[in-house]
Amino acid sequence: MNCKKAQDLIKTCFLDGELDKNTKNDVQNHINSCNNCRLLERNLQKISLVHLSENNQINPPDRVWNKIEDTINKGKALKEEKGILDWLEQLLPPFFVLPRPAPVYALAVTILVAALSLLLVYKPTSHNKEVNEYLLEQANFIQDLDSEDYLNGLENTFNSFI
């Protein structure tokens, strides 16, 4: 193992004990044979021990802890005491004035989703001018097929072929 790789591992994983057994042995063998890497490892151990022994823990103000504790307790209370219908009832109180059977809510949501889907997907053809003109043209053509003039003209055409 070369010094660069050993030093990278010493700085990142070796001192924390995060290396697998084989890699740890390789790094330890390199440290035993290399003065520079041995010094690096000892210095990093000293720094980490001094830093940990100083106990530089920062304690947030009591109001922060109180807020965190209140939020946790509210979340626990919601999970323990109330189901999803109760949560929805708190979120949207005006919509939940009827009795709370789940099938009624499921049916209401299904109808709402279906109605919204139809509104978004369905587009009547009466708004399409080209389609209306085409349909009117076809209706006039069918009406003309039924007229006497058309039938007489058709009969004359067939007679001329005979």
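Observations on the structure shown:
- Annotation: of all residues in the range 1-22 being out of contact with any Cys (no Cβ under 8 Å at 6 or more places or on another chain) and surrounded by 15 or more Cβ atoms within 10 Å (Cβ to Cβ), the one that is farthest from residue 43 (Cα to Cα) is 1.
- Selection over the range 10-36 of residues that are modelled with pLDDT of 90 or more and in a helix (DSSP H, G or I) gives a count of 15.
The values are calculated or read from the model by the stated rules, or taken from the named source; none is laboratory data. Bear in mind the structure is a predicted one, so any value in this text is a computation, not a measurement. Don't worry about glycine lacking a Cβ; one is built from the backbone with ideal geometry, like all the others, and counts go over all protein chains shown.
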